[in-house]
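Q: Sharing a structure here in structure tokens format.
What follows draws every value from the coordinates through simple rules; no lab data is involved. For clarity, every value in this text was computed on a predicted model and none was experimentally measured. Cβ atoms come from the backbone with ideal geometry, glycine included; neighbour counts cover every protein chain shown.
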Amino acid sequence: MSEIQLSSKIESIKEKTNKYVLGTYNRFDIAFEYGVGELLFDVNGKQYIDFQSGISVTNLGHSEADIIDALREQADKLFHTSNLFYSSEQADLAEVLIVNSFPGKVFFCNSGTEANEGAIKIARRHAVSKGIKDPVVLTMKGSFHGRTTGAMSMTGQYKVREGFGDLLPGFDYIEENNITHLIEMFSKYKGRISAVITEPVLGEYGVLPLSDEFLIQLRKLTAENGALLVFDEIQTGIGRTGKLFCFQHFPFTPDVLTLAKALGSGFPIGAVIVGEKHTHLLQSGMHGSTFGGNHLACKIAFETLRVILTRDLISQVPSLSEFFFRRLRLIQNNFPNLITEIRGKGLHIGVVLSIPSREIVKECLQNGLILNSTNEKVVRIMPPINISIERIEEAMTIFETVLAGVNV
Ligand SMILES: Cc1ncc(COP(=O)(O)O)c(C=O)c1O
């Protein structure tokens, strides 16, 4: 195809999208056609290294053969029935989730925001069961929990909440990693806190990890005050941080865990894991979802976990992470005015810049590397968890070259 035909291909996709799809996203002028492992190819055949992983979704890369086989096998048999019947795929997935997290039960839904809606309902039921009259759910100031009205209400980032009028009442926000403020909030709302819901690493806030001390104090205070501790592991779950679930880095378990994103390797699925002490809170008829836990989604999620666990992919994440951080620190040494901080956990990495990160991400795209810009000045890097050292090196060479072209 000629240059003109190629550029008209993306132009026509763009034109149709802008004409017919609501403009809720700020898109780059690229459309991808297929992917293999950590590589993506656009409609012009240009190759990219994908270190965004669909925002922590394709943790096994693209077109993983075993996932495709599982999808095909299940698609041949059955996509969907309803939750008015039993499903072996749903039961198998629930079992593997519980065996690998903590004793309890699972509710299945279709996305992260829905999983968090489930957590809000559990918090509300917990308040009712304890007789709390004016319950409060606390989350972090920089948190992001989703776009439905409940999840939006619990999201600390004001820019996500603004412009929609009054949201759900009964939420307040703790300054992340500020133990003094945490203690103040527990004293301010004494007797009224039904739950604290938090991501262990604030992904949309620029990959900001909560400190061990802060989280341990949070677990202590929630336990002492009879409040649920809910971990939103929608972004950090499924091997991303070097454990299957990020809470497994800490000497405690949460009461409730919400999951989505990488659980389905790109096929929509969400889950709420409820610890055994609290499974009574949602009884028959109190919550539900038509698509939640359907045969196809559960089969793919089960296969995702099977691949990760049987190939022991998570055990290599710490050494890959160490290499990555070391490489990034070398780059920081070369550009101390540009990179102010490198942070994260495992392969969930944030590079804080002194300038807006979108321009850098755009330039990396031009050079065949997909990264993500978040919280204005942070470049978020999330490669597949089965990435090779060679590919990290190749990607970081591109990143370094792009930074070298910036004048600060
Ligand atoms: C921590 C966290 N919670 C919830 C969500 C919302 O998930 P979804 O977009 O699947 O509704 C996201 C999405 O980025 C997230 O990062």
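Q: Got a sec? Which residues in segment 31-69 would a label at Thr24 touch, if it sits 7 Å along Cα→Cβ and we count backbone N under 18 Å?
A: 55
Q: If you don't mind, another one. Go through Phe335, Ser321, His287 and say which Cα lies farthest out towards the positive end of the charge dipole of segment 283-335; charges sit on Cβ, +1 for Lys and Arg, -1 for Asp and Glu.
A: Phe335
Q: Between Ser111 and residues 5 or more places away or on another chain, which pairs have amide H atoms under 5 Å apart, with H built 1.01 Å from N, and which residues are they?
A: Placed amide hydrogens put Gly270 under 5 Å from Ser111.
Q: Among all helices in the chain defined by DSSP H, which have a length of 15 Å or more along the axis from Cα atoms plus a Kyte-Doolittle mean of at least 0.5?
A: Span-like helices in the chain: 88-99, 295-310, 389-404.
Q: Still on this structure, I have one more. In the chain, what % of DSSP beta bridges are antiparallel (nearest 5)?
A: Antiparallel: roughly 65 percent of the beta bridges in the chain.
Q: May I pose another question? Quick one: of Lys77/Lys277; Lys133/Lys220; Lys220/Lys345; Lys46/Lys377; Lys220/Lys299, which pairs are farther than 32 Å apart, Cα to Cα?
A: Lys77/Lys277; Lys220/Lys299, as the Cα separations exceed 32 Å there.
Q: OK, next. What is the sum of charges, Lys and Arg at +1 and Asp and Glu at -1, for the other residues whose Cβ falls under 10 Å from the Cβ of His62?
A: Neighbourhood net charge equals -3.
Q: Then there is this: List the aspartates and glutamates whose Cα lies under 12 Å from the Cα of Lys190, skipping any in the same chain that are fewer than 8 positions away.
A: The qualifying aspartates and glutamates are Asp134, Glu224.
Q: Counting only helical runs of four or more DSSP H residues, what would the 222 nm mean residue ellipticity of the chain come to if each run contributes -39,500 (n - 2.57) and the total is spread over all its residues?
A: Mean residue ellipticity at 222 nm (helix-derived): -12000 deg cm²/dmol.
Q: Tabulate in residue order the Karplus-calculated ³J(HN,Hα) for segment 191-200, using 6.51 cos²θ - 1.76 cosθ + 1.60 with θ = phi - 60°, rounded to whole Hz; enter x for Gly and Pro.
A: x, 10, 7, 8, 7, 10, 10, 8, 7, x
Q: Hey, another quick one. From the C-alpha coordinates alone, can you work out the Kirkwood hydrodynamic radius of segment 16-71, in Å?
A: Details: mean 1/r = 0.0776 Å⁻¹.
One decimal place: 12.9 Å for the Kirkwood radius.
Q: Also, quick follow-up: If you take the beta carbon distance between Thr17 and Lys188 as r and set R0 to 45 Å, what does 1/(1 + (r/R0)^6) give as a FRET efficiency, to the nearest 0.05?
A: 0.45
Q: Can I ask one more? For the chain, just the Cα set please: Rg and Dmax, both in angstrom.
A: 21.6, 70
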